[in-house]
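A.B. asks: There's a structure below that I have some questions on.
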Amino acid sequence: MKASDFLFSPVTDFVKISDHTIKLLKKCCGGYRVIDLLLHFPSSIQNRTTDVDNFSDKDKLTLVVQVMEHVAPAGKSHPYKIIVAAGTLKLQIIYFNYNAYYLHKTFPIGETLCVSGNAQRTIGGLQIIHPDIVTQPSYAKYHVGVEAIYPLTAGLSNKTLSYAIATIFKNIPEIPEHIPPDLLNKYKLMKFHEAIWAIHHPKNIADIVTMTEARQRIAVDELLANQIRLRQIRETMNEHRSKIIRENGKITGRLKLPFKLTRDQIRCLNDIKKDLASPDPMNRLVQGDVGAGKTVVAFLSMLLVIENGFQAVLLAPTEILAMQHYSTLKNLSENLGINIDIMLGSNRRKRPLQIENLKNNSIQLLVGTHAILEDNIEFANLGLVVIDEQHRFGVLQRVKLIKKCQNSGQNSTPPTESSGVSNVLAMSATPIPRTLLLGCYGDLNVSTIKTKPAGRKPIETMVFNVSKIGELTARLRESDSQIYWVCPVIEESEALMDITTRCEYLNNIFSASEVRILHGKMKPQEKNSVINDFKNKKFKLLVSTTVIEVGVDIPSANVMVIEHAERFGLAQLHQLRGRVGRGSDAAYCILLYHHPVSKIGQRRLQLMRETNDGFLLSEEDLKLRGAGDILGKEQSGFNSLRFSEFTDNYSLLKMAEEIANALDLKSENTAVLCDMFNRIENDTSVFG
Ligand code: ADP
Ligand code: MG
């Protein structure tokens with residue numbers, strides 16, 4: 001069997017699972033293909049032992065026992081006990097919340113069973129509390145030793161996920177190797193199949209938390225997949241010369257901006273003009289701290305392209321940001337007579353008309369989310385692609401966009417000469433180290449906006465224990481601030497307060513009309529109207545999830561409260577803080593933490609209080625993440641790379657580069673490799 005015949009099949013081809021479980025798997029593993037599960041790695045281990053004399057607190061005890069007696073307690077507040085015998089040893093199985101009928105059925109008197117669970121020694125003897133395994137005695141041998149514990153989603157148990165993964169391994173053939181044997185030897189790499197297998201069968205906790213040979217192999221593969229895609233981008237970009245685009249004033253000459261561009265903005269724009277006027281396709285990144293004013297630079301670049309008769313696209317990572325850009329650009333171009341439209345995944349009613357209008361060139365500027373990347377979206381003559389918050393997108397998405405540029409004009413009405421213009425302008429507030437840049441984006445030119453527009457007040461950052469919330473809200477109620485109140489998205493499985501509970505609390509303090517809620521599950525129109533009302537100062541306090549994290553620009557809002565600040569990475573905290581301090585009022589960022597806060601968490605909060613400098617924070621962030629903080633890594637925003645951290649792994653990147661040089665880029669094997677590391681990313685599920 002070829003790898004492509006089973007790696008990309010749905011797991012249901014190999015494991016019997018319900019539709020409901022499939023949904024959970026998709027949420028948990030980012031997809032429900034075989035490869036999605038195989039690349040969902042354990043984050044911890046559980047040891048099970050049969051040694052009743054020497055087990056540790058962390059271990060679970062697995063025993064074959066005979067049921068002797070049920071002891072129902074006098075009242076519901078006492079535990080239910082089942083007395084069992086393991087050879088000559090007597091012990092108790094304890095249940096707190098119990099259903100006596102169910103327990104009688106599960107533990108019939110006289111029956112021999114295998115049980116496994118947390119155990120403790122008490123004066124009354126050995127107890128197993130709420131065993132998580134109760135099964136036939138012949139299965140006992142499967143419940144001894146180290147088992148993998150996976151990151152889960154509410155509703156999905158480790159048992160279900162482990163079972164699915166084990167069944168996959170049982171039913172698939174060995175995954176064919178895509179790196180030739182001589183290179184495996186040269187770089188002393190484990191075979192791909194062996195590496196995947198080893199990761200799912202950890203022997204101890206070191207196998208999880210350290211860069212084992214197996215994990216290194218997968219990291220190399222991920223970097224390799226990226227390298228291959230980058231080469232493909234370069235190749236496709238070089239297939240075409242781009243048209244020369246020069247400012248001609250037809251549209252830009254009539255533009256009236258409400259402010260003067262800063263010197264850095266002008267410098268960036270000049271870099272872009274040079275790129276556009278050259279026959280080499282533009283591939284440029286504009287870097288600038290949050291609030292530096294990148295949007296207007298993108299807008300002016302798009303106008304240049306449009307006044308030369310081409311179309312432009314602005315791609316944003318969230319619907320909220322796309323809608324904001326749409327309305328900003330609409331306002332700025334009020335008297336310019338250009339046709340701007342917006343395309344979102346959730347709004348399909350307008351789609352057929354939009355598809356038509358893109359092909360006949362009547363939409364000149366399209367703003368949108370990932371929806372734009374869908375295969376049926378074609379352009380008449382796309383001349384520039386702007387990718388906002390670039391770090392939120394993977395290489396794959398860029399490839400898709402460049403292909404759209406190159407294919408544009410082929411099916412349009414009337415037919416246009418294929419433009420072959422693949423100019424890409426990426427924008428990012430997260431400064432990216434050079435090695436990472438090369439690894440992620442290939443040959444990319446960088447322009448930096450260092451200084452923010454004049455007149456901005458620095459944001460004062462304060463850190464409080466959440467117990468101070470009463471005093472805080474009293475102060476806020478008396479002030480005439482407009483406030484963002486951010487709660488992290490919390491899985492239902494965690495017994496923490498969620499956003500609606502917080503909203504109710506705040507409703508009791510502020511008047512109900514002053515508080516509104518915003519989260520990723522709302523419809524775009526609803527989100528839009530909440531954001532607009534907030535912008536128009538119709539209410540005071542916006543309780544939100546991190547859907548507002550990137551890009552949202554509401555200058556009148558001047559207070560940002562972040563709950564569970566200790567759970568966020570530095571980059572994310574800085575992005576969130578960047579939502580305020582955009583107007584002329586003094587701005588505040590209030591970080592609320594809940595105990596306990598890890599050492600690294602404390603350091604992050606301290607750094608946030610000490611500096612507003614995004615570049616400095618990002619350096620510190622990398623240092624902290626280098627210390628092995630997994631939370632920071634996940635939340636750093638580089639979510640297209642899951643297995644490889646560039647900063648620590650420059651040598652792996654070099655290795656990937658060399659292997660990529662030796663591989664046949666057009667072979668089936670490399671295509672499979674790239675596809676393995678492509679996860680379906682979509683707006684609301686990833687960023688909600
Ligand atoms: P970011 O770089 O974070 O994307 P934005 O492009 O959203 O920042 O700009 C932040 C705010 O600064 C916006 O309200 C924008 O209108 C304003 N702005 C941009 N450039 C200037 C300028 N040269 N002078 C004054 N305000 C500006
Ligand atoms: Mg922006």
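The values are calculated or read from the model by the stated rules, or taken from the named source; none is laboratory data. Note that the coordinates shown come from a computational prediction; the quantities given were computed from them, not determined experimentally. Using ideal geometry, Cβ is built from the backbone for each residue, glycine included, and neighbour counts are taken over all protein chains shown. Each accessible area value is taken on the protein alone, full model and side chains, heavy atoms only, with ligands, DNA and RNA left out. Shrake-Rupley method; radii C 1.70, N 1.55, O 1.52, S 1.80 Å.
A.B. asks: With r defined as the distance between the Cβ atoms of Arg351 and Lys403 and R0 fixed at 22 Å, what FRET efficiency is calculated, to the nearest 0.05?
C.D. replies: 0.65
A.B. asks: With a cut-off of at most 14 other beta carbons within 10 Å, and DSSP calling the residue loop, which trypsin sites (Lys or Arg not before Pro) in segment 47-135 qualify? Please list them.
C.D. replies: Those satisfying the criteria are Lys58, Lys76.
A.B. asks: Turning to a different aspect of this structure: Which of the peptides 125-137, 576-588 is most tightly packed, and how do the rest follow, judged by the mean count of other Cβ atoms within 10 Å per residue?
C.D. replies: With the highest mean Cβ count within 10 Å placed first, the list reads 576-588, 125-137.
A.B. asks: What size of dipole, in debye to the nearest 20, comes out for the chain about its Cα centre when the only charges are +1 on Lys and Arg C-beta atoms and -1 on Asp and Glu C-beta atoms?
C.D. replies: For the chain, the charge dipole is close to 1280 debye.
A.B. asks: How much of the accessible area of segment 87-162, in percent, comes from carbon and sulfur atoms when a 1.4 Å probe is used?
C.D. replies: Carbon and sulfur atoms account for 57 percent of the accessible area of segment 87-162.
A.B. asks: Would you mind telling me the share, in percent, of accessible area of segment 512-615 contributed by carbon and sulfur at probe 1.4 angstrom?
C.D. replies: 48
A.B. asks: Shifting gears a bit: Hey, any idea what the orientation-averaged projected area of the convex hull of segment 459-631's Cα atoms comes to, in nm²?
C.D. replies: Reported value for the Cα convex hull: 9.9 nm².
A.B. asks: Can you order the peptides 561-574, 260-273 by their average number of other Cβ atoms within 10 Å per residue, highest first?
C.D. replies: Answer by packing, highest mean first, reads 561-574, 260-273.
A.B. asks: Roughly how far apart, in whole Å, are the Cα centres of segment 341-382 and segment 22-69?
C.D. replies: Value for the Cα centre distance between the two parts: 46 Å.
A.B. asks: Compare the peptides 522-530, 366-374, 380-388 by average per-residue count of other Cβ atoms within 10 angstrom and give them in order, highest first.
C.D. replies: Listed from highest to lowest mean packing, they are 380-388, 366-374, 522-530.
A.B. asks: So what is the 222 nm mean residue ellipticity for the chain from helices alone, if each DSSP H run of at least 4 adds -39500 (n - 2.57) and you divide by all residues, rounding to the nearest 500 deg cm²/dmol?
C.D. replies: That comes out to -11000 deg cm²/dmol.
A.B. asks: Give me the percent of the accessible area of segment 242-449 that comes from carbon and sulfur atoms, probe 1.4 Å, all protein chains in place.
C.D. replies: On segment 242-449, the fraction of accessible area on carbon and sulfur atoms equals 51 percent.
A.B. asks: Using alpha carbons only, how many angstrom separate the centre of segment 165-210 from the centre of segment 282-316?
C.D. replies: Centre-to-centre distance over Cα atoms comes out at 43 Å.
A.B. asks: Can you spot the aspartates and glutamates whose alpha carbon is less than 12 Å from Lys521's alpha carbon? Ignore those fewer than 8 places along the same chain.
C.D. replies: Lys521 reaches Glu319, Asp683.
A.B. asks: Let me ask something else about it. Where the centre of each part is set by its Cα atoms, how far does segment 514-530 sit from segment 92-155, in angstrom?
C.D. replies: Cα centres, segment 514-530 to segment 92-155: 45 Å.
A.B. asks: Which percent of the Cα-Cα distances in the chain go past 50 Å?
C.D. replies: 20
A.B. asks: Related question: Considering only lysines 8 or more places apart in sequence, or on different chains, count the pairs in segment 44-149 whose C-alpha atoms sit under 25 Å apart.
C.D. replies: So the count works out to 14.
A.B. asks: Probe 1.4 Å, all protein chains in place: accessible area of Ser77 in Å², nearest 10?
C.D. replies: Number for this one is 100 Å².
A.B. asks: Below 28 Å, Cα to Cα, which lysines can Lys256 reach? Residues fewer than 8 away in the same chain don't count.
C.D. replies: Lys243, Lys273, Lys274, Lys294, Lys330, Lys450, Lys452, Lys457, Lys535, Lys537
A.B. asks: Quick one: of the DSSP bridges fully inside segment 44-149, what percent are antiparallel, nearest 5?
C.D. replies: Given both bridge residues lie in segment 44-149, the antiparallel proportion sits at roughly 85 percent.
A.B. asks: Provide the per residue accessible area, probe 1.4 Å, for the chain, rounded to a whole number of square angstrom.
C.D. replies: Result: 45 Å² per residue.
A.B. asks: Something else now. When we measure straight from the Cα of Lys654, which aspartates and glutamates land under 14 angstrom away, once same-chain ones fewer than 8 places off are left out?
C.D. replies: Asp221, Glu222, Glu645
A.B. asks: Just for the chain, what percent of DSSP beta bridges are antiparallel, to the closest 5?
C.D. replies: Approximately 35 percent, going by the DSSP bridge assignments.
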